[in-house]
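The values are calculated or read from the model by the stated rules, or taken from the named source; none is laboratory data. Not measured: the values here are computed from a predicted model. Here the Cβ is made from the backbone with ideal geometry for all residues, glycine too, and neighbour counts use every protein chain on show.
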Amino acid sequence: MEKKAQSVRRRWNPLHQSWVLVSPHRTERPWQGEVGQKTVPSAVAFDPQCYLCPGNQRAGGAVNPSYESVFSFVNDYAALLPESPAAEAPASPLLRAEPARGLCKVLCYHPDHSLTLARMTREEIRPVVDAWTREYLELGGLDWIRYVQIFENRGPMMGASNPHPHSQIWSTGFLPDEPAAETAAQRAHLAQTGRCLLCDYAAAERETGDRVIFENEHFTVLVPFWAVWPFEVLVVSRHHAGALPEFNDAECDGLADALKRLTTRYDNLFETSFPYTMGFHQSPTDAESHPEWHFHAHFYPPLLRSATVRKFMVGFEMLGMPQRDITPEAAAQRLHDCPEEHFWPRS
Ligand SMILES: [Zn+2]
Ligand SMILES: [Zn+2]
Ligand SMILES: [Zn+2]
């Protein structure tokens, strides 16, 4: 067979300012690596052992209320705490440490233990969007919080310890590295062109359509040109907005709709409860103005070619740069072709 060396490219990620290697011919290689477990949703609506189910006691001793919609609380085992003692003087400038303060919360989407975003209705997801907005405003409103990171780990493959539908909200007294890199990139693009980087990027993607999975009136859902994970997705708002509180009622409905449709397509792709890490990137809450920031969600799913074969980031990817086999265009086409009706209907 003729070598398709000419099709190998490295692609530039202007949002993160980094490269990814795309080697499409490698999908033909045989797989003899690890095969994981297929994930099925929990069969029970209430699990007496679950620390997120209504009415249950958490390990820290607190008892959850009998909540009926969303429910949030401060993480009993937070990675960050509101107080952090001053750092010791370093023995060398190369041994630098700084106090890191923060507040970590957990947000349950729904009392039903067996649900996921894909299996919830738009009407059930909408209060989750409103709760994310409230948390962003409340936590970001604290004068010492500079960034609010909302994220969800779904599935044991992503290290999620509990299937109960929930997200985490880590708010920090410093700007973490990923949003810091995106702040610098968006700021530089605005300074150079007078325009927003993601408004420009979304316009270019809508022009070609090659990587757009679907869109509604308010959000475009696409596999980014520079995607690292096989079925990585970017959800980007069609109107320029920096953060959740800037969305009107219809746009919040639009976000719920986009999340519902994307996660359903994900589940249908390999007929599994599709694992991912997802999260929102939005304006820092550092009291500066951020005209450069454009709200978006990243979905980083680990699955590569079936419900049980995952991508590993090892070898050249740890030591050189990320690499992918399936092209972003092929991934977008497959997600585009997935149905939006759930193959695992709710009973
Ligand atoms: Zn539960
Ligand atoms: Zn924009
Ligand atoms: Zn981002």
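To keep it simple, each residue is scored yes or no on (1) at pLDDT below 95; (2) under 30 Å from P230 (Cβ atoms); (3) within 15 Å of ligand 1 (Cβ to nearest atom).
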site	(1), (2), (3)
P24	yes, yes, no
E34	yes, yes, no
K38	yes, yes, no
E68	no, no, yes
P85	yes, no, no
L107	no, yes, yes
T116	no, yes, yes
E124	no, yes, no
D130	no, no, no
Checklist entry - Scanning the stretch 216-242 for residues that are in contact with a helix residue (DSSP H, G or I) (Cβ under 8 Å, 6 or more places away or on another chain) and assigned to a strand (DSSP E or B), which turns out nearest to F274 (Cα to Cα)? => result V233
Item to check | Candidates E152, E83 - the one that is more than 23 Å from N56 (Cα to Cα) and among the acidic types (D, E) | outcome: E83
Checklist outcome for this item: When every residue in the stretch 140-168 that is of a type in the set (A, V, I, L, M, F, W, C) and out of contact with any Leu (no Cβ under 6 Å at 6 or more places or on another chain) is compared, the one modelled with the lowest pLDDT is A160
Checklist entry - Based on what the data block shows, is R58 among the charged types (D, E, K, R), on the phi < 0 side of the Ramachandran plot and touching a residue at least 40 places away in the same chain (Cβ under 8 Å)? => result no
Checklist entry - Got at least one residue in the stretch 183-203 being among the charged types (D, E, K, R), within 15 Å of ligand 2 (Cβ to nearest atom), over 26 Å from L107 (Cα atoms) and in contact with a Lys or Arg (Cβ under 7 Å, 6 or more places away or on another chain)? => result no
Next on the checklist: For the structure I just gave you, tell me whether P230 is surrounded by 20 or more Cβ atoms within 10 Å (Cβ to Cβ) and closer than 26 Å to E292 by Cβ.
Outcome noted: no
Checklist outcome for this item: Taking the stretch 265-290 and keeping only residues that are part of a loop (DSSP other than H, G, I, E, B) and either in contact with a helix residue (DSSP H, G or I) (Cβ under 8 Å, 6 or more places away or on another chain) or surrounded by 20 or more Cβ atoms within 10 Å (Cβ to Cβ) (or both), one is left with T272, S273, F274, P275, Q282, S283, P284, T285, H290
Next on the checklist: Against the condition touching a residue at least 60 places away in the same chain (Cβ under 8 Å) and surrounded by fewer than 21 Cβ atoms within 10 Å (Cβ to Cβ), how does L139 come out, does it pass?
Outcome noted: no
Checklist outcome for this item: Residue pairs within 7 Å by beta carbon, gap of at least six or interchain, first lying in the stretch 242-256 and free of Cβ contacts under 8 Å to residues at least 40 places away in the same chain, second in a loop (DSSP other than H, G, I, E, B), listed first then second, are A250/H218; E251/H218; G254/N216; G254/E217; G254/H218
Checklist entry - Only one of R206, R195 is assigned to a loop (DSSP other than H, G, I, E, B), surrounded by fewer than 21 Cβ atoms within 10 Å (Cβ to Cβ) and charged (D, E, K, R); which? => result R195
